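K.L.:
Handing you a structure now.
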Amino acid sequence: MNNFLSRASAFSAILALALIPAAAQPPAAVDSIQKIEISAQAIEAFDPREPARTRFGALAFRGGLSLKSSYRDFGGVSGLRVAANGERFLAVTDKGNWLRGRIVYRGKVPIAIADAEMAPILGLDGRPLKSRGWYDTEALAEAGGVVYVGIERVSQVVRFDGAKDNLRARGRPVAVPPAMKTLPGNQSIECLEVGRRGGPLAGTLISISERGLDANGNLLGFLIGGAGGGFALKRTDEFDVSDCAAAPDGNLLVLERRFSWARGIAMRIRSVPLATIKPGALVDGRELIFADMGHQIDNMEGLSVHRDSSGALVLTLVSDDNFSPLQRTLLLQFTLVE
C-alpha cells in the first residue's frame, strides 16, 4: 500500500468525524489583528505517479504549496478570494476568523505566503461572530469592495463593507430566503457569489448548499436579493458542493468534494453557465477536472478565479485541514486551457 492510500485512509476517518455537527464554541475575547508566519513546502507535481504531467482535464497545473503555521488558530480555511493581480488574498476559516496575506511567485509558480495576518470576524456589535455561535464560516464572496460571508451552521449571510482593507470591519446580517433556514446545519451554505454587473443576476447573491437536497435529490440553490427565488444544481456521483467562483467568461465554477468509505476522497470542478441560473431552474455544467487521493489533494473547500498578466484564467484552490495533524492546508493553482 503506497503512502497516498495510507493518507487517504487516515484522511477519510478524520473527515468523517469532521462532518459530524460540533458543539458551539465558547465566547471569545476580541483579539487584535495578529501577524503570523506561514511556512510553505512546494508541491511540484499534482500527480506524483506522473511527475512530468501538467494537464488534468481542462486545467493545467501551475504549482502548489503545503502550508503550516505555529499560530494556534491557523487552519480550517474554507473560503477564498484572490485579488485581480493574483497576489493579495482574503480567506475565512471554520473558527470564525479572517486570514489575509500575499502569494509570492517565482515566475508563474507560487513559492511562499508573505504578510499573513489573522483576526476574528466581527458582528455588528463589535464582538466576534463565533461568540454567538456563528463560527462555521464556510463561504466568501466579494464585489465592489463589499465582502459577504456565508455561515453554514446558522444558514446566514453577513455583509462587510471594507473588509478587504480593514479586518476590524463589522458585519451586518443579510435577509435570506426562509427556505435557506431549513437547510441541514452542517450541510448548508458552501458556495456564495455575486452576480456580475451587466448580467440578469447583477447584484444578486448566488448561494448553493453543500448537501441540502430537493425532492429529486438535487442540490438546493438560492438567489438572495434582486427578484430572489430558488434553483437546483444537478447532483451526480455523490459529490457535494464546497465552494464556487464566477469566471469572467460567464460561467460559475463549482468546486465539489466527495467522501465515501468505499471510494475514498475526491474533488472535481464543474463549469455552470450563469445564464442558466434563474428561479425554478435545474442547472448543470461540464466537468473541468476530477482528482482523487492519488493526486495532491486534501479536503478542498476554497476556490477563487483571477486573470494573470498574460490573460490566462487562473484557479486557486485551498483545503480545510479540519485542524487535524493528519490533514494538510494546501494551496493549488491551475490555468484553464480549454
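Throughout, read-outs are computed from the coordinates displayed, never taken from laboratory work. For clarity, every value in this text was computed on a predicted model and none was experimentally measured. Using ideal geometry, Cβ is built from the backbone for each residue, glycine included, and neighbour counts are taken over all protein chains shown.
K.L.:
Only Cα pairs within less than 10 Å get springs; with that Gaussian network setup on the chain, which residue of LYS68, LYS95, LYS164 has the largest fluctuation?
P.N.:
LYS68
K.L.:
Using Cα Rg over 2.2 N^0.38 Å as the read-out, say which of (i) 0.91; (ii) 1.06; (iii) 0.98 was calculated from these coordinates.
P.N.:
(i)
K.L.:
Go ahead and estimate [θ] at 222 nm for the chain from helices alone: -39,500 (n - 2.57) per DSSP H run with n ≥ 4, summed, over the residue count, rounded to 500. It would help to have the intermediate numbers written out before the result.
P.N.:
On the way: 1 runs with 16 residues, N = 338.
Result for the chain: -1500 deg cm²/dmol, rounded to the nearest 500.
K.L.:
Still on this structure: Roughly how many whole Å is it from the C-alpha centroid of region 96-137 to that of region 168-199?
P.N.:
First find each Cα centre; the distance between them is then 19 Å.
K.L.:
Which one, ILE151, ILE269, ILE33, has the greatest fluctuation when you compute a Gaussian network model over the chain with C-alpha springs under 10 angstrom?
P.N.:
Of ILE151, ILE269, ILE33, the Gaussian network model singles out ILE33 as fluctuating most.
K.L.:
With each label point set 7 Å from Cα along the Cα-Cβ vector, what nm distance links ARG307 and LYS181?
P.N.:
Inter-label distance under the simple model: 4.2 nm.
K.L.:
With r defined as the distance between the Cβ atoms of ASP214 and VAL146 and R0 fixed at 35 Å, what FRET efficiency is calculated, to the nearest 0.05?
P.N.:
Once rounded, the FRET efficiency stands at 0.75.
K.L.:
Just to confirm the filter: which trypsin sites (Lys or Arg not before Pro) across region 240-278 are DSSP coil and have at most 15 other Cβ within 10 angstrom of their Cβ? The partial results should precede the final answer.
P.N.:
Values: sites: ARG257, ARG258, ARG263, ARG268, ARG270; in loops: ARG263.
Sparse-neighbourhood loop trypsin sites (Lys or Arg not before Pro): ARG263.
K.L.:
Taking neighbour counts of Cβ atoms within 10 Å as a proxy for exposure, in what order, fewest first, do THR137, THR204, THR329 appear?
P.N.:
Working: THR137 28, THR204 21, THR329 24.
Ranked by crowding around the Cβ, least crowded first: THR204, THR329, THR137.
K.L.:
Taking only C-alpha pairs under 8 Å that are 6+ residues apart, what is the relative contact order of the chain in percent?
P.N.:
Numbers: 897 pairs, mean separation 63.0, N = 338.
Reported as a whole number, the value is 19 percent.
K.L.:
Highest mean first, how do 52-62, 287-297 rank when packing is the count of other Cβ atoms within 10 Å averaged over residues?
P.N.:
Values: 52-62: 16.4, 287-297: 19.1.
In descending order of packing, they fall as 287-297, 52-62.
K.L.:
Moving on to the next point. Would you pull out the residues with amide H under 5 Å of LEU213's amide H, same chain only if 5 or more places away, H placed 1.01 Å from N?
P.N.:
Residues meeting the criterion, in which the H sits 1.01 Å from N, are LEU220.
K.L.:
Let me ask another. Straight-line reach from LYS278: which lysines fall under 18 Å, measuring Cα to Cα and dropping same-chain residues less than 8 apart?
P.N.:
Here the lysines satisfying the reach criterion relative to LYS278 are LYS234.
K.L.:
Which one of SER69, SER319, SER209 has the biggest mean-square fluctuation once the chain is modelled by GNM with Cα springs under 10 Å?
P.N.:
Evaluated over the chain, the most mobile residue of the options is SER69.
K.L.:
How large is the convex hull of the C-alpha atoms of region 249-295 per residue, in Å³?
P.N.:
On the way: hull volume 3.9 nm³, N = 47.
Dividing the Cα hull volume of region 249-295 by its residue count gives 83 Å³.
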